[in-house]
1. Which members of the range 57-77 meet the condition of being among the aliphatic types (A, V, I, L, M), more than 22 Å from Ile23 (Cα to Cα) and within 13 Å of the chain's Cα centre (by Cα)?
2. For the range 113-131, how many residues meet the condition of being assigned to a helix (DSSP H, G or I) and either outside the structural domain of Val103 (by TED's automatic domain parsing) or exposed (fewer than 15 other Cβ atoms within 10 Å of the Cβ) (or both)?
3. Looking at the range 78-96, can you tell me whether even one residue there is over 30 Å from Lys145 (Cα atoms) and modelled with pLDDT under 95?
4. Do we have any residue at all in the range 70-77 that's under 25 Å from Met120 (Cβ atoms) and of a type outside the set (D, E, K, R)?
5. Of all residues in the range 148-187, how many are in a loop (DSSP other than H, G, I, E, B) and either in contact with a helix residue (DSSP H, G or I) (Cβ under 7 Å, 6 or more places away or on another chain) or surrounded by 13 or more Cβ atoms within 10 Å (Cβ to Cβ) (or both)?
6. When you go through Glu80, Glu97 one by one, which is the residue that is within 30 Å of Phe191 (Cα to Cα), in the same structural domain as Tyr131 (by TED's automatic domain parsing) and within 14 Å of the chain's Cα centre (by Cα)?
7. Going through the range 132-142 one residue at a time, which ones are of a type outside the set (Gly, Ala, Ser) and crowded, with 17+ Cβ neighbours inside 10 Å?
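The values are calculated or read from the model by the stated rules, or taken from the named source; none is laboratory data. In this text the structure is predicted, and so the values were computed from the model without any measurement. Ideal geometry is used to build each Cβ from the backbone, glycine not excepted, and the neighbour counts take in all protein chains shown.
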Amino acid sequence: MAIIVDKEQKRKDIALASKEIIIEKGIHDLTISQIAQTAGIGKGTFYEYFKSKEELLFELVNLLMSEYNIKKEIRLAKAESTKDKIKIFADFFYDEESKELRVLYKMFIGISLLSPEKEMVDFQTECFNYYYQWFERLIQEGIEKKEIPPQTIVMAKGLFSMAKGLFIASETTHSIEDVKTELDLFIDTLFEVIGIKECK
């Protein structure tokens, strides 16, 4: 009797099995043979599921981000203030739990900038829109709870992009030593400036 293979699950399994070796060696120095050996498949089987190692990385980042989002939703639900929720939202860029995912994410950003294939650009756009809408909902909830003034919604896209900008600056320069400290200081100061206390 023929074995029926769940191709979608097999694709996920290959990507997840490759995580450690991608983190260890980096996507540029890694060969398809090394990936196949690590995943316990033949080189030909790899190409049945992925056209390139970059596509494998794309799948892996997508899978891990989905898992991370579920955990973040739980943490956000437990937070009481909008300020705390914004800090939780931004902690992807420094918390220990997302350390491996950040390494993979940096590789993905690098590939997207150097060789922006349509599929990767579409994924980046989809990610930006997804996370921005999520972030915007947090801001809107804060406005409805009268924790922050209504005009804060105009600042949402800038606030959202700022955390990623600090992260990239910290990874590419020696100007930012501690992303957490910088983000916390920025968010605390911002909430003082926008007059959170006066909005109650």
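1. Going residue by residue through the range 57-77, those that are among the aliphatic types (A, V, I, L, M) are 57, 60-61, 63-65, 70, 74, 76-77.
Restricting the remaining residues to those that are more than 22 Å from Ile23 (Cα to Cα) gives 70, 74, 76-77.
Selection gives Ile70 alone.
2. Here is the first cut: in the range 113-131, the residues assigned to a helix (DSSP H, G or I) are 113-114, 118-131.
Checking which are either outside the structural domain of Val103 (by TED's automatic domain parsing) or exposed (fewer than 15 other Cβ atoms within 10 Å of the Cβ) (or both) leaves us with 113-114, 118-119, 121-122, 125-126, 128-130.
Residues meeting the conditions: 11.
3. We begin by selecting, within the range 78-96, every residue over 30 Å from Lys145 (Cα atoms); these are 96.
Of the ones still in play, those that are also modelled with pLDDT under 95 are 96.
Yes, the range 78-96 has at least one match.
4. yes
5. To start, the set of residues in the range 148-187 that are in a loop (DSSP other than H, G, I, E, B) comprises 148-149, 173-178.
So of that shortlist, the ones also either in contact with a helix residue (DSSP H, G or I) (Cβ under 7 Å, 6 or more places away or on another chain) or surrounded by 13 or more Cβ atoms within 10 Å (Cβ to Cβ) (or both) come out as 148-149, 175-176.
The number of residues fulfilling the criteria is 4.
6. Values: Glu80 fails: within 14 Å of the chain's Cα centre (by Cα).
The conditions single out Glu97.
7. Filtering the range 132-142 for residues of a type outside the set (Gly, Ala, Ser) gives 132-141.
Within the range 132-142, Phe135, Leu138, Ile139 meet the criteria.
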